[in-house]
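Input: a single structure, listed below in C-alpha cells.
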C-alpha cells in the first residue's frame, strides 16, 4: 500500500496512434517520425486522483483525539499503544478532464511483486480497504488542567511513519464535588501529525477538537469513562518533484553535459534526427497541485481503567460527505476504529 503518485498520469492530446507519453519518453524518435515534437507530448499529472488519495490517506493518519476529557492530572502519566483501522474507498474512480477514469488506489499504490520477475506490478489489483496505523503514545498532565502528548506510529504494509503531538485544556478540571461535580468533563485540544517515509510528497494533518466525558466508578475497583467529541480535521498535502516516467533516465537520454550558462537549461550531447536536443523527458518531472482538505468528524469513545491498567476504544466518522465542502472529492464518508491499551499512573 505504499503510495506511487508517479503512476497517476494523464496522457496529452495529439499522441500518435498506439503511443503513450511513457513510450514517447523512451523512444522520442517515434514522435519525430510522426512530425511531432517529443517536448509537446509530455505526461501530465492527474491532480484529481492525487487529491482524492491524499484526502483519504490524511484521514487515516489524522490525530485520533483518543482520550477522556479529564487529563491525567499534574502528577499523572499514561503510556499506551494505539491501533487505528481506517476505511478507504479502495475501488473508487475519478472522472478525468479527458474523459478517462482512474481508480486512484489501484494506480496510486505499489501492490504486490510479480512472482516471476520479482518486480512490482504496473497497478495494485487488490488494494486493501483498511489502512492500519499502530502508534505509541505518551500523555503527561500539566498544571491548570493542561496536558501534552507525543505520538510515533507506523502504517502497516507501507514504509511510512507518522509522528506528532497534542495539547489540550480540560476546562472543568478540579471540579469533583458539589453541583459542578455532576457536570461532565469538557476539554478542547489540538493535534498535529506528519508523515515520513515517502520522498514524493509531504502530508500533514491538523485536528482541532472538543470533547465531553464522564467517569463512572465501578465498585471502587475501576473507572469506566464514556465520551463524545467533535473534531475539525484539516489536511495539507504538498507534492515534491515526481518523475512520471521513472523507467526513463532523462540525464542519460539527454547525454547531459551541464547547464547552459545563460539560461540554466540542460545541455545535451544526444540529438534527435531532426537536430533538436533529446531533452523531452525532463518535461516529465512535475509537481501535483497543492491539496487542502477540510473535514468534520464525530467521535465516540469508551475507556476503562483498573489501577494502572488502561484500555479503551473509539469510533470516528465523517459527519458530512467529504465532497460537500471540498471540490472534486468523490469518495464517501470514512471511519476509523481505534483500540488502545497501556498503563496509567
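Picking from 80, 86, which residue would you name as being touching a helix residue (DSSP H, G or I) at 6+ places or on another chain (Cβ under 6 Å), surrounded by 19 or more Cβ atoms within 10 Å (Cβ to Cβ), modelled with pLDDT of 85 or more and assigned to a strand (DSSP E or B)?
Details: 80 fails: touching a helix residue (DSSP H, G or I) at 6+ places or on another chain (Cβ under 6 Å).
When all the criteria are applied, what remains is 86.
Looking at the range 1-28 only, could you name the residues that are more than 16 Å from residue 282 (Cα to Cα) and assigned to a helix (DSSP H, G or I)?
Once the filter is applied, which keeps residues that are more than 16 Å from residue 282 (Cα to Cα) and assigned to a helix (DSSP H, G or I), the range 1-28 yields 5, 7.
Among the residues that make up the range 287-299, is at least one of them assigned to a loop (DSSP other than H, G, I, E, B) and surrounded by 19 or more Cβ atoms within 10 Å (Cβ to Cβ)? Quick ask: steps written out before the conclusion?
Let us first name the residues in the range 287-299 that are assigned to a loop (DSSP other than H, G, I, E, B), namely 287-290.
The next check asks that each one be surrounded by 19 or more Cβ atoms within 10 Å (Cβ to Cβ); those that pass are 288.
Yes, some residue in the range 287-299 is assigned to a loop (DSSP other than H, G, I, E, B) and surrounded by 19 or more Cβ atoms within 10 Å (Cβ to Cβ).
Keeping to the range 264-306, report how many residues are in contact with a strand residue (DSSP E or B) (Cβ under 8 Å, 6 or more places away or on another chain) and farther than 29 Å from residue 236 by Cα. Can you show your working first?
Of the range 264-306, the ones in contact with a strand residue (DSSP E or B) (Cβ under 8 Å, 6 or more places away or on another chain) are 265-271, 277-279, 282, 284-306.
So of that shortlist, the ones also farther than 29 Å from residue 236 by Cα come out as 265-271, 277-279, 302-306.
Matching residues across the range 264-306 total 15.
Per-residue answers, yes or no, for (1) buried (at least 23 other Cβ atoms within 10 Å of the Cβ); (2) modelled with pLDDT of 85 or more:
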{"position": "6", "(1), (2)": "no, yes"}
{"position": "11", "(1), (2)": "no, yes"}
{"position": "17", "(1), (2)": "no, no"}
{"position": "46", "(1), (2)": "yes, yes"}
{"position": "56", "(1), (2)": "yes, yes"}
{"position": "74", "(1), (2)": "no, no"}
{"position": "97", "(1), (2)": "no, yes"}
{"position": "100", "(1), (2)": "no, yes"}
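Quick check on the range 232-246: of everything there that is more than 17 Å from the chain's Cα centre (by Cα) and exposed (fewer than 15 other Cβ atoms within 10 Å of the Cβ), which residue is modelled with the lowest pLDDT?
The residue in question is 246.
Any idea which residue in the range 102-118 is surrounded by the fewest Cβ atoms within 10 Å (Cβ to Cβ), counting only those that are assigned to a strand (DSSP E or B) and at pLDDT 90 or above?
Within the range 102-118, the subset assigned to a strand (DSSP E or B) is 102-103, 109, 113.
If we keep only those that are at pLDDT 90 or above as well, we get 102-103, 109.
Details: 102: 23, 103: 18, 109: 23.
Among those that are assigned to a strand (DSSP E or B) and at pLDDT 90 or above, it is 103.
Any residue in the range 316-334 that is assigned to a loop (DSSP other than H, G, I, E, B), under 30 Å from residue 79 (Cβ atoms) and either in contact (Cβ under 8 Å) with a residue 24 or more places away in the chain or within 28 Å of the chain's Cα centre (by Cα) (or both)? Spell out how you get there, then give the answer.
Within the range 316-334, the first condition is being assigned to a loop (DSSP other than H, G, I, E, B), and the residues that meet it are 319-321, 326-334.
Of the ones still in play, those that are also under 30 Å from residue 79 (Cβ atoms) are 334.
Within this subset, residues satisfying the condition of being either in contact (Cβ under 8 Å) with a residue 24 or more places away in the chain or within 28 Å of the chain's Cα centre (by Cα) (or both) are 334.
Yes, the conditions are met somewhere in the range 316-334.
Output the residue which, of all residues in the range 25-43 that are surrounded by 18 or more Cβ atoms within 10 Å (Cβ to Cβ) and closer than 15 Å to residue 243 by Cβ, is modelled with the highest pLDDT.
If we take residues in the range 25-43 being surrounded by 18 or more Cβ atoms within 10 Å (Cβ to Cβ) and closer than 15 Å to residue 243 by Cβ, then 43 is modelled with the highest pLDDT.
It is to be established whether one or more residues within the range 45-58 are touching a strand residue (DSSP E or B) at 6+ places or on another chain (Cβ under 9 Å), within 20 Å of residue 273 (Cα to Cα) and either part of a helix (DSSP H, G or I) or free of Cβ contacts under 8 Å to residues at least 24 places away in the same chain (or both). Write out each step before concluding.
Residues of the range 45-58 touching a strand residue (DSSP E or B) at 6+ places or on another chain (Cβ under 9 Å): 45-58.
Imposing the further condition that a residue be within 20 Å of residue 273 (Cα to Cα) reduces the set to none.
No.
Report, ordered by the first and then the second residue, all pairs with beta carbons closer than 9 Å, sequence separation of six or more or different chains, a first member in the range 299-314 that is without any contact (Cβ under 8 Å) to a residue 24 or more places away in the chain, and a second member that is surrounded by 15 or more Cβ atoms within 10 Å (Cβ to Cβ) and not in a strand (DSSP E or B).
Note: no pairs meet the criteria.
Would you point out the residue of the range 265-277, among those that are assigned to a loop (DSSP other than H, G, I, E, B) and under 21 Å from residue 40 (Cβ atoms), that is modelled with the highest pLDDT?
270
Starting from residues that are touching a strand residue (DSSP E or B) at 6+ places or on another chain (Cβ under 8 Å) and within 18 Å of residue 26 (Cβ to Cβ), keep the ones in the range 252-263 and report whichever is surrounded by the fewest Cβ atoms within 10 Å (Cβ to Cβ).
The initial filter retains those residues of the range 252-263 that are touching a strand residue (DSSP E or B) at 6+ places or on another chain (Cβ under 8 Å), namely 254-260.
In the following step, the residues that additionally are within 18 Å of residue 26 (Cβ to Cβ) were identified as 254-256.
Working: 254: 20, 255: 15, 256: 17.
That would be 255.
Name the residue, out of 280, 275, that is more than 27 Å from the chain's Cα centre (by Cα), over 22 Å from residue 231 (Cβ atoms) and buried (at least 17 other Cβ atoms within 10 Å of the Cβ).
On the way: 275 fails: buried (at least 17 other Cβ atoms within 10 Å of the Cβ).
Among 280, 275, only 280 is more than 27 Å from the chain's Cα centre (by Cα), over 22 Å from residue 231 (Cβ atoms) and buried (at least 17 other Cβ atoms within 10 Å of the Cβ).
The values are calculated or read from the model by the stated rules, or taken from the named source; none is laboratory data. Predicted, not measured: the structure shown is a model, and the values here were computed from it. We place every Cβ from the backbone using ideal geometry, glycine too, and count neighbours over all the protein chains shown.
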